Amino acid sequence: MFVSDSRIDGFKGLAYKYGAAVIIFIVNYLYIAYAFRDLMLVPGLSFIENSFGSDAIDQKYAFVIFMNGVMSYLVPLVALALIFRSDMPKKGGILPFRGEEEYRRIPGETAMLFVSGMWAAMMGGLITGLVSKWLNALYSVPETKTAFSNLMPQNAYQFIAFEIGSVIIAPVCEELIYRHFLVKPLRKYGDAAAVITSALMFAMAHFNFDQFLYAFMFGAFLALIAVRSGSVVPCIICHVINNVFVGVRTYLPQTLGDAGADAFFAAFRSIVAIIQTIVFYGGALFLVAAALLKLLKLKSEAGISVGKQLAVIFTNPLIIIGTVISLVVAFMNLY
């Protein structure tokens, strides 16, 4: 099929914008977010001490969590809004996508894709853990660390603050960044490359091997939900549910310092464990059903093939440089 030079040149120009996004994620992770946090942390913590006393550990923890969340996403959100402002669809506002009517919808489609995505992500996490143990046994490579291990909540107040950051701030900001700004511009060339590219960039932006496969698989299914549903709202809801499960299973303290709270969250943790067990053993059935119902099939625009699109994007010099730096940072985070 004939593809005009102008269309290819336009796609190559778009690839440089995605490369710029990768560099922004790296610079933000290594420098900007820390600079903003440091700029705000000292006066903020001083204000808390003056208001609540020098032993106001819980208030300080909540403030650090809030600043960590806001400053981690503020610069990327603003930067991507500026970079992709000319590439976003002119109609539909910030949430809807174009052309969701192109997909045959079925009742429960989003739920089916979400469960499939959870299963795929859990498998990715399981594989990562096995590889990590194997490398540790054979080559003494440190096993991957639990994310936020230095911010583990110690009581009910801290756990609630932690959950607000991971269940509200993170899902909303990440869905706007990865399923809005990084998916929409590529959709005029086809949805498959948009889903794969956004998922890979989402995984790389975690900067650790522990979360790479998990984030890639989960991010791919969230992008699928976005393009098929026509909105990032279902993605935000699914992301919230996932982070609630992860928070309760991974970061809930052994005791919250209150008998009633301990009993409630112990029961809730048991429910989450049952749900995750069902997903672990039955999620593959949802994935098979999704495949049979063609929910994994994405629309393509006439012109540049998916393979060509991915080749142009991931041979872009900025993305190559960013990928190398991301791998180096992820390796350093092991130690």
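General observations
- Neighbours by Cβ (under 9 Å, 6+ apart or cross-chain): first from the stretch 38-55, touching a residue at least 12 places away in the same chain (Cβ under 8 Å); second of a type in the set (S, T, N, Q) and surrounded by 11 or more Cβ atoms within 10 Å (Cβ to Cβ): 48/59
- Contacts under 6 angstrom Cβ, first residue in the stretch 320-331 being at pLDDT below 95, partner polar (S, T, N, Q), 6 or more apart: 330/208
For every residue, the table says whether it meets (1) over 30 Å from residue 23 (Cβ atoms); (2) charged (D, E, K, R); (3) in contact with a helix residue (DSSP H, G or I) (Cβ under 6 Å, 6 or more places away or on another chain).
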residue: 281; (1), (2), (3): yes, no, no
residue: 290; (1), (2), (3): yes, no, yes
residue: 300; (1), (2), (3): no, no, no
residue: 309; (1), (2), (3): no, no, yes
residue: 316; (1), (2), (3): no, no, yes
residue: 319; (1), (2), (3): no, no, yes
residue: 327; (1), (2), (3): no, no, no
residue: 334; (1), (2), (3): no, no, no
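- Subset of the stretch 273-316 (residues that are part of a helix (DSSP H, G or I), β-branched (Val, Ile, Thr) and more than 21 Å from the chain's Cα centre (by Cα)): 274, 275, 277, 278, 288, 306, 312
- Contact annotation: residue pairs with Cβ atoms under 7 Å, 6 or more positions apart or on different chains, pairing a residue in the stretch 287-309 that is under 11 Å from residue 193 (Cα atoms) and surrounded by 12 or more Cβ atoms within 10 Å (Cβ to Cβ) with a partner that is of a type in the set (Val, Ile, Thr) and modelled with pLDDT under 95, are 298/227; 300/306; 304/3; 304/8.
- Residue in the stretch 2-19 that is over 25 Å from the mean Cα position of the chain (by Cα), modelled with pLDDT of 85 or more, surrounded by fewer than 18 Cβ atoms within 10 Å (Cβ to Cβ) and of a type in the set (Asp, Glu) present: yes
- Of all the residues in the stretch 101-115, those that are surrounded by 15 or more Cβ atoms within 10 Å (Cβ to Cβ) and at pLDDT below 85 number 1.
- Number of the condition not met by residue 219 [criteria: (1) farther than 21 Å from residue 76 by Cα; (2) buried (at least 24 other Cβ atoms within 10 Å of the Cβ)]: (1)
- The residue that is surrounded by the most Cβ atoms within 10 Å (Cβ to Cβ), counting only those in the stretch 169-216 that are modelled with pLDDT under 95 and among the acidic types (Asp, Glu), is 191.
- Of the set (1) aliphatic (A, V, I, L, M); (2) free of Cβ contacts under 8 Å to residues at least 40 places away in the same chain; (3) more than 17 Å from residue 319 (Cα to Cα), all apply to residue 217 but (2).
- When each of 203, 192, 261 is tested for being of a type in the set (Gly, Ala, Ser), assigned to a helix (DSSP H, G or I) and in contact with a strand residue (DSSP E or B) (Cβ under 7 Å, 6 or more places away or on another chain), the lone residue that passes is 192.
The values are calculated or read from the model by the stated rules, or taken from the named source; none is laboratory data. Keep in mind the model is a prediction, meaning the values are calculated, not measured. Neighbour counts run over all protein chains shown; Cβ positions are idealised from the backbone, glycine included.
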